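Beneath this line is the structure, given in structure tokens, with notes to follow.
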Amino acid sequence: MVAEALPVAKAHTPLRAQAVVSSKGQVTLPAAMRAQLGLEAGSRIRFELRDRQLVITPELPISAYYGILKGYDLGDIEPEKEPDREFD
């Protein structure tokens with residue numbers, strides 16, 4: 001029996017860049033990083049401060065979640081309807 005070699009994952013080379021903060025507190029994200037993250041004008045991002053490290057994470061639009069549960073049997077998840085209330 002001959003053992004089959006497992007595919008080797010490509011080493012991920014981190015992108016590194018420097019930027020200057022403007023007088024308005026603005027920073028331009030390098031084009032290569034925007035492209036890799038799929039960021040376009042109007043994209044939303046989240047900032048998180050971890051000790052002295054700033055982490056920037058793109059927020060996915062709600063449309064990115066469309067169909068995520070396709071194929072799962074969710075059973076009857078429809079909540080019961082509240083009875084109509086009478087108002088005076």
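The values are calculated or read from the model by the stated rules, or taken from the named source; none is laboratory data. Since the model is a prediction, treat every value here as computed from it, not as a measurement.
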Output for segment 35-77, where each listed residue is over 21 Å from Gln18 (Cα atoms) and of a type in the set (Asp, Glu): Glu59, Asp73, Asp76
Candidates Gly67, Gly25, Gly71, Gly38 - the one that is modelled with pLDDT of 90 or more and on the phi > 0 side of the Ramachandran plot: Gly25
